[in-house]
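Undergrad: One structure is given below, represented as structure tokens, and several questions about it will come after.
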Amino acid sequence: MSATPVLALRGVSKRFGAVQALTDVELEIHPGEVVALVGDNGAGKSTLVKTIAGVGPADDGVIEWEGRPVRIERPHTAQELGIATVYQDLALCDNLDVVGNLFLGREIAHAGVLDEVEMERRARELLATLSIRIPSVRIPVAALSGGQRQTVAIARSLLGEPKVVILDEPTAALGVEQTAQVLDLVERLRERGLGVILISHNMADVKAVADRVAVLRLGRNNGTFEVRSTSQEEIISAITGATDNAVTRRKARTAEASK
Amino acid sequence: MSTDLTPEDAVTVPPADPRLLVREAGFAGYWQEFARKLRSGELGSLPVVVGLIVICLVFQLQDSAFLGAENLSNLFVTAAGTGLIAVGIVFVLILGEIDLSVGSVSGLAAAVFAVLNIKHGMPEWSALILALLTGTVAGALHGFFFARIGVPAFVVTLAGLLGWNGLMLQVLGSNGTINLDDSGLVADLTNYYFSDVAAAYGLATLAVLGYFLAALRDARRREAAGVPSRAPSELAVRTAALAVPAYAAAWLFNQYKGLPLAVVIFVGVVVVFDLVLRRTSYGRKVFALGGSVEAARRAGINVPLVRMSVFALSGTMAALGGMFLASQINAANQSSGAGSLLMNAIAAAVIGGTSLFGGRGKTWSALLGVLVIQSIASGMALLGIASAVQYMITGAVLLAAVVIDSVSRRTQKTAGRA
Ligand SMILES: Nc1ncnc2c1ncn2[C@@H]1O[C@H](COP(=O)(O)OP(=O)(O)OP(=O)(O)O)[C@@H](O)[C@H]1O
Ligand SMILES: [Mg+2]
């Protein structure tokens, strides 16, 4: 692992009206490293992703790319740097077909004229490497199932030559086989020296592929853990902000209710 | 550049989805596909083509002059002005927006041309270009307020409808009517015919041959790249489907005065902008915005710029259409761009099959839609029916088109295609 992180957030803050969604968040991603970003619902994970992707720029703080500070105010800037993002809400155009969505914003064109044949060929190739089953690459994505849409969104992030891939709950809608494929993919990305930010609520997935786990709680950092040397319980207690976990909470609740 | 992943990474290439309905080869296959599309609400141009045939039959039975060469030729020429405006409307509708100003902008452009050329003696070409640019600027201004300031397009262009009409009256001055040079450039727009028989047939041949060669090349490339391509028999059917109307129209025009310049320009514009929409990255961006603005933004598309450009295009097309309309009466006057023009242009785009809900549409719908509207107008005039009835019928046709649009959208939703 190299010394300079490919991407580093320093003191990033963001507010929405009366909600302070992020407060002084720090995060580092090194090349060839998978960082899992975890936290309860509403902890600010997706908001953090959007500040990195240029969709909802931060109010405060510095983003460093390969050691130098950059301003990411538009999605285009993030793409040019080499940041590819799969959003939790997917962000696909329902009326465009699979090929159209995969290449949206970076169509293969000669003098403005689309090269549909080449795009279709690459789309098929890419989808095949991801073991994605889609009836046809020429149907509108509206006709796909939730998981198929998710795989299209993931495939989309791999076009171009990203250096950092951000996956916001990429396996939320996926079946067993497809989840395994995505986790394999994350490992392949790491082997190729890419930095990966993986957001997931599934601790087993996190334990399986992540090198480090960064915990967000109520919009603040709540610890960073080396996966190898940390138990699941420790991570969960950092997420919930207590020393207990979901199981002990339920016990406590049922105990209360039975009183 | 391709991805970091190479096919070697593929653990196993998945077999084709067994649920995928594979189309049978040959004509049975086309029919099957066609029936499936109809059921799932992808009606495309079918309703308007059927409607057009019905309208023609009805009027032909009432008056045999309707399908005569003179009437049809005039019908096409008269349709060009409104049709050009409708092409701009198609772009705006694909964004999921509306432009109510096109009538006023077309009138303004005509007035600008008339004043510059007739009153100030400016050469025709420069006056024409400035008139078209007036439309571009007006449209870009709407686009600016919509895309940058965030005012709803409906309201911005409503303000444009009033404002540009006022400006036109101002520009025309107290006199109110400026007659154009009746052998000038603008007069030629709707009055020039290529009387040589070879012109119409030559153009038809060029179009058919061009289409066939382009389609063949595409099929070859697809085959070479290993992606599904159209079978040769399908290419033949499609080429024939283009050749029949193309040669029929050429024959028809030659029965009267020859190939009208207005038709060449109108159809040329439709074809060019069809290619822009379907084959360029710009067109892809326009469709993307109609599908999901947020997804387009996150894909790095400059949303305000695309929106402004579409409104600028709509303004330019309105100005161009205005030139054709001025050419027909050979004057710019206070009622230029007024009356039912705006409604007809929007109705044409919708009747032709462009969705009001955004994200779906073709420039060809401007052509088909305006032919429907103009056929009704022409047929009614032939039968001597008052314009009151004509409005009611056009209104009913528009309602039918919108109903078809809404219903097909619903069926498409249930079929997972919208
Ligand atoms: N566009 C917005 N406007 C106002 N508040 C917002 C907006 N987006 C997020 N928030 C607020 O910011 C906080 C963090 O939301 P965020 O979507 O980042 O959570 P998350 O960690 O991704 O949660 P989940 O696990 O449910 O996806 C929440 O309190 C949410 O209400
Ligand atoms: Mg989230």
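Every residue, every condition in (1) within 30 Å of residue A:93 (Cα to Cα); (2) modelled with pLDDT under 95; (3) not in a helix (DSSP H, G or I), yes or no:
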| residue | (1), (2), (3) |
| --- | --- |
| B:233 | no, yes, no |
| B:245 | no, yes, no |
| B:257 | no, yes, yes |
| B:263 | no, no, no |
| B:266 | no, no, no |
| B:274 | yes, no, no |
| B:285 | yes, no, no |
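Undergrad: Follow-up question, since we're still on this one. Do we have any residue at all in region A:184-201 that's part of a helix (DSSP H, G or I), surrounded by fewer than 15 Cβ atoms within 10 Å (Cβ to Cβ), within 14 Å of another protein chain (Cβ to nearest Cβ) and under 15 Å from the mean Cα position of the chain (by Cα)?
TA: The answer is yes, given that some residue of region A:184-201 is part of a helix (DSSP H, G or I), surrounded by fewer than 15 Cβ atoms within 10 Å (Cβ to Cβ), within 14 Å of another protein chain (Cβ to nearest Cβ) and under 15 Å from the mean Cα position of the chain (by Cα).
Undergrad: Then there's this: Of all residues in region A:15-31 being of a type outside the set (A, V, I, L, M, F, W, C) and without any contact (Cβ under 8 Å) to a residue 24 or more places away in the chain, which is farthest from ligand 1 (Cβ to nearest atom)? Step through it out loud before you land on a result.
TA: The initial filter retains those residues of region A:15-31 that are of a type outside the set (A, V, I, L, M, F, W, C), namely A:15, A:17, A:20, A:23-24, A:26, A:28, A:30-31.
Then drop every residue that is not without any contact (Cβ under 8 Å) to a residue 24 or more places away in the chain, which leaves A:17, A:28.
Numbers: A:17: 6, A:28: 19 Å.
Filtering region A:15-31 for residues that are of a type outside the set (A, V, I, L, M, F, W, C) and without any contact (Cβ under 8 Å) to a residue 24 or more places away in the chain, the one farthest from ligand 1 (Cβ to nearest atom) comes out as A:28.
Undergrad: Any chance you could count how many residues in region A:13-32 are of a type in the set (A, V, I, L, M, F, W, C) and surrounded by fewer than 18 Cβ atoms within 10 Å (Cβ to Cβ)?
TA: Residues in region A:13-32 being of a type in the set (A, V, I, L, M, F, W, C) and surrounded by fewer than 18 Cβ atoms within 10 Å (Cβ to Cβ): 3 in total.
Undergrad: Out of the residues in region B:287-312 meeting the condition of being among the hydrophobic types (A, V, I, L, M, F, W, C) and away from chain A (no Cβ under 11 Å), tell me which one is farthest from residue A:89 (Cα to Cα).
TA: Result: B:312.
Undergrad: Scan region A:125-143 residue by residue and report those that are of a type in the set (A, V, I, L, M) and either touching a Gly at 6+ places or on another chain (Cβ under 8 Å) or facing another protein chain (nearest Cβ under 7 Å) (or both).
TA: The answer is A:126, A:128, A:142, A:143.
Undergrad: Considering each residue of region A:202-234, count those that are within 13 Å of ligand 1 (Cβ to nearest atom) and either part of a loop (DSSP other than H, G, I, E, B) or of a type in the set (D, E, K, R) (or both), and give that number.
TA: Matching residues across region A:202-234 total 5.
Undergrad: Looking only at residues that are out of contact with any helix residue (DSSP H, G or I) (no Cβ under 9 Å at 6 or more places or on another chain), within 14 Å of another protein chain (Cβ to nearest Cβ) and part of a loop (DSSP other than H, G, I, E, B) in region A:32-86, which one is nearest to ligand 1 (Cβ to nearest atom)?
TA: Per the stated criteria, the residue is A:73.
Undergrad: Here's another thing I want to ask about it. So, residue A:171, is that one within 16 Å of ligand 1 (Cβ to nearest atom), at pLDDT 90 or above, polar (S, T, N, Q) and out of contact with any Phe, Trp or Tyr (no Cβ under 7 Å at 6 or more places or on another chain) or not? So that I can check it myself, show each step before the final result.
TA: Details: within 16 Å of ligand 1 (Cβ to nearest atom): yes; at pLDDT 90 or above: no; polar (S, T, N, Q): yes; out of contact with any Phe, Trp or Tyr (no Cβ under 7 Å at 6 or more places or on another chain): yes.
In short, no.
Undergrad: Could you give me the residue pairs with C-beta distances under 7 Å whose first residue belongs to region B:162-175 and is at pLDDT below 95, whose second residue is outside any helix (DSSP H, G or I) and surrounded by fewer than 19 Cβ atoms within 10 Å (Cβ to Cβ) wherever it lies, and which are 6+ apart or on separate chains?
TA: B:169/B:334; B:172/B:334
The values are calculated or read from the model by the stated rules, or taken from the named source; none is laboratory data. Computed from a predicted model, the values in this text were never measured in an experiment. Here Cβ is always computed from backbone atoms with ideal geometry, including for glycine, and neighbour counts include all displayed protein chains.
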